[in-house]
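Step one of this worksheet: look at the structure below.
The values are calculated or read from the model by the stated rules, or taken from the named source; none is laboratory data. On a predicted model such as this, the values are computed, not experimentally measured, just so you know. We place every Cβ from the backbone using ideal geometry, glycine too, and count neighbours over all the protein chains shown. Please note that ligands, DNA and RNA were not included when accessible areas were found on the heavy atoms of the full protein model with its side chains. Shrake-Rupley method; radii C 1.70, N 1.55, O 1.52, S 1.80 Å.
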Amino acid sequence: MMHDTNYFCNEAKKLGVDLNEKQIQQFIQFYDMLIEKNKVMNLTAITDFDEVVEKHFLDSISLIRKYPLNQTCKILDLGTGAGFPGIPLKIAFPEIQITLVDSLNKRVLFLQEVIDALGLSGIVAVHGRAEDLGRNPNYREKFDLCVSRAVANLSSLSEYCIPFVKVGGYFISYKGGDCEEEVNQANSAFTKLGAKLSGLDSFSIGENSRSLVVIEKTHATKKAYPRKAGTPTKDPL
Ligand code: SAM
């Protein structure tokens with residue numbers, strides 16, 4: 001099926017992202033694979049092309065507002081699900097090195113199919129839980145940036161994500177527009193994990209209010225964190 005990509009290209013350009021023909025084709029191929037697999041597996045509630053563009057693709061790449069992605073850097077996307085924000089980030093910013101993590105293996109297998117079909121490199125899909133990988137020396141404090149969207153409340157999410165970040169690096173959480181209270185409540189979690197709030201960017205994409213919460217890692221995370229699987233959500237810091 002033909003898809004009108006004018007809106008996508010124009011809005012991406014407003015973010016300073018000039019998509020070339022190859023990248024546009026990769027986005028379309030990803031969309032087609034997502035919709036096909038969604039018939040047999042729960043991947044996305046949104047299926048209309050324009051809505052996927054706005055709520056998944058543009059939302060994912062809006063990260064460029066807060067982080068310079070046109071350079072080599074190591075990123076981890078925690079709880080990537082159907083590949084958001086990680087796959088759009090990799091397509092739009094090919095120089096990044098990105099690790100996609102999800103605890104549901106079916107989704108990780110789908111992501112591997114996408115990576116192979118689109119011919120992406122500098123990207124891996126890993127099956128695992130944040131609480132386990134965050135203690136694994138191959139992942140702990142190995143990333144310049146950890147990102148996450150729609151996975152958990154910010155306090156719990158901080159315990160999932162901050163252990164992956166190098167001192168001096170960032171954890172950026174994608175949230176809805178009205179998240180100030182959630183951010184305030186997570187403040188003590190940031191401190192316990194060796195980090196601090198560095199900025200809150202609220203903006204809109206079409207009619208959707210969105211926020212990027214930027215957290216800077218200032219100290220190594222104590223060995224006690226992350227706690228065992230399930231505890232960060234049951235008993236948030
Ligand atoms: N980030 C995607 C998005 O914005 O569309 C997916 C969001 S989906 C609601 C949440 C995902 O987080 C699920 O795929 C789930 O398997 C994963 N997840 C939840 N807890 C996790 C954990 N502790 N470690 C790794 N993945 C987790």
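Taking all protein chains together and a 1.4 Å probe, the residues R129, R107, R135, R149 rank R135, R129, R107, R149 from largest to smallest accessible area.
Between the Cα long axis of helix 180-192 and the first principal axis of the chain there is an angle of about 50°, rounded to the nearest 10.
To the nearest ten degrees, helix 105-118 and the longest principal axis of the Cα atoms of the chain are 50 degrees apart. When all protein chains stay in place and ligands, DNA and RNA are ignored, the 1.4 Å accessible-area order of E131, E182, largest first, is E182, E131.
Share of the stretch 6-234's accessible area from carbon and sulfur, percent, 1.4 Å? With neighbouring chains kept in place, the figure for the stretch 6-234 is 46 percent. In the full protein context, the stretch 67-147 carries 37 Å² of accessible surface per residue, based on a 1.4 Å probe and ignoring ligands, DNA and RNA.
For L78, the solvent-accessible surface computed with a 1.4 Å probe is close to 10 Å², ligands and nucleic acids excluded. A Cα-only calculation for the stretch 6-234 places Rg and Dmax at 16.6, 49 Å. What's the angle, to the nearest 10 degrees (0 to 90), between helix 21-37's Cα axis and the longest principal axis of the chain? That works out to roughly 80 degrees. Computed over the alpha-carbon pairs of the stretch 192-237, the distance histogram in 5 Å steps reads 5, 17, 16, 17, 18, 13, 10, 4, 1 percent, short to long. Projecting the Cα atoms of T80, T231, L104 onto the charge dipole of the chain (Cβ charges, centred on the Cα centre) puts T231 farthest toward the positive pole.
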